[in-house]
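Below is one structure, written out as structure tokens; comments come after it.
The values are calculated or read from the model by the stated rules, or taken from the named source; none is laboratory data. Here the structure is a predicted model, which is why all the values come from computation and not from measurement. Every residue, glycine among them, receives a Cβ derived from its backbone with ideal geometry; neighbour counts consider all protein chains shown.
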Amino acid sequence: MNQQLSQPLEIFLMNDQPFTCPYCGSRCEEIASFYHTNAKSLIEKCLNKDCGFTCYEEEDEYFLKLWKQ
Ligand SMILES: [Zn+2]
């Protein structure tokens, strides 16, 4: 990852679909995981090299409740 994180990453909530880039619609890949920590978040990066969008993906409590039913 050579992108300079000069500003905070946007945060998106997880849902039951694979995460896709909100700008170009490409699939994103997980480049870092803090899922096992209290943060419960991943860093996702767009697979479209021309886009390179990077963001946090965070667990949604509502989504967690759905899974526990
Ligand atoms: Zn993209």
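If you scan the range 1-30, which residues turn out to be among the polar types (S, T, N, Q), within 14 Å of LYS45 (Cβ to Cβ) and at pLDDT below 90?
Start the filter on the range 1-30 by keeping residues that are among the polar types (S, T, N, Q), which leaves 2-4, 6-7, 15, 17, 20, 26.
Still in the list and also within 14 Å of LYS45 (Cβ to Cβ): 2-4, 20, 26.
Passing the criteria: ASN2, GLN3, GLN4.
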*Please go through the range 4-42 and pick out each residue that is among the polar types (S, T, N, Q) and either surrounded by 14 or more Cβ atoms within 10 Å (Cβ to Cβ) or free of Cβ contacts under 8 Å to residues at least 12 places away in the same chain (or both).*
GLN4, SER6, GLN7, GLN17, THR20, SER26, SER33, THR37, ASN38, SER41
